[in-house]
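The values are calculated or read from the model by the stated rules, or taken from the named source; none is laboratory data. Just so it is clear, the model here is predicted, and its values are computed rather than measured. Glycine gets a Cβ as well: all are built from the backbone with ideal geometry, and neighbour counts include every protein chain shown.
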């Protein structure tokens, strides 16, 4: 199974853990990373992940996220097919960077796009090309497959 984690998902363990939802999403993300490490899940990486990660003002967070690139089964680069798909995604109200992430996930044939961003989850709730869900929802899917 191929998955794509957006930048807010990668950053979740660095967020305020006093909020229960954030703590649960962080734990889910860490569990998902374990499944990536053991090879049971395939990670799709992209140039927009690299770009956004470089914008992070905290170097230790950049380093922690950058190490996941080596686990990427694919590393999606900018190309016309990605940009064309991005245009359609911005038409449903997504911000350009968010649309680029989803376009890269689709280009990499990801089964699931994981995000903790409520706006993305809402706008893509009926999107068909890739299933856009939270890390907690994804855990339910993994449990059902056991």
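Quick check: anything in region 46-59 closer than 16 Å to residue 109 by Cβ and in contact (Cβ under 8 Å) with a residue 12 or more places away in the chain? Yes, some residue in region 46-59 is closer than 16 Å to residue 109 by Cβ and in contact (Cβ under 8 Å) with a residue 12 or more places away in the chain.
Could you go through region 80-94 and let me know if any residue there is out of contact with any helix residue (DSSP H, G or I) (no Cβ under 9 Å at 6 or more places or on another chain), part of a helix (DSSP H, G or I), surrounded by fewer than 13 Cβ atoms within 10 Å (Cβ to Cβ) and at negative phi. Yes: region 80-94 contains one or more residues that are out of contact with any helix residue (DSSP H, G or I) (no Cβ under 9 Å at 6 or more places or on another chain), part of a helix (DSSP H, G or I), surrounded by fewer than 13 Cβ atoms within 10 Å (Cβ to Cβ) and at negative phi. Could you please let me know if residue 10 is closer than 25 Å to residue 95 by Cα and more than 13 Å from the chain's Cα centre (by Cα)? Spelling it out, it is not the case that residue 10 is closer than 25 Å to residue 95 by Cα and more than 13 Å from the chain's Cα centre (by Cα). Going through (1) modelled with pLDDT under 95; (2) closer than 20 Å to residue 26 by Cα one by one, residue 136 falls short only on (1).
Screening residue 94 on (1) modelled with pLDDT of 95 or more; (2) touching a strand residue (DSSP E or B) at 6+ places or on another chain (Cβ under 8 Å) shows it passes everything except condition (2).
Return yes or no: is residue 48 modelled with pLDDT of 95 or more, in contact with a strand residue (DSSP E or B) (Cβ under 9 Å, 6 or more places away or on another chain), surrounded by 18 or more Cβ atoms within 10 Å (Cβ to Cβ) and assigned to a helix (DSSP H, G or I)? For residue 48, the condition - modelled with pLDDT of 95 or more, in contact with a strand residue (DSSP E or B) (Cβ under 9 Å, 6 or more places away or on another chain), surrounded by 18 or more Cβ atoms within 10 Å (Cβ to Cβ) and assigned to a helix (DSSP H, G or I) - is met. Across region 97-126, the qualifying residues are those that are part of a loop (DSSP other than H, G, I, E, B) and buried (at least 22 other Cβ atoms within 10 Å of the Cβ), and the one among them that is modelled with the lowest pLDDT is 124.
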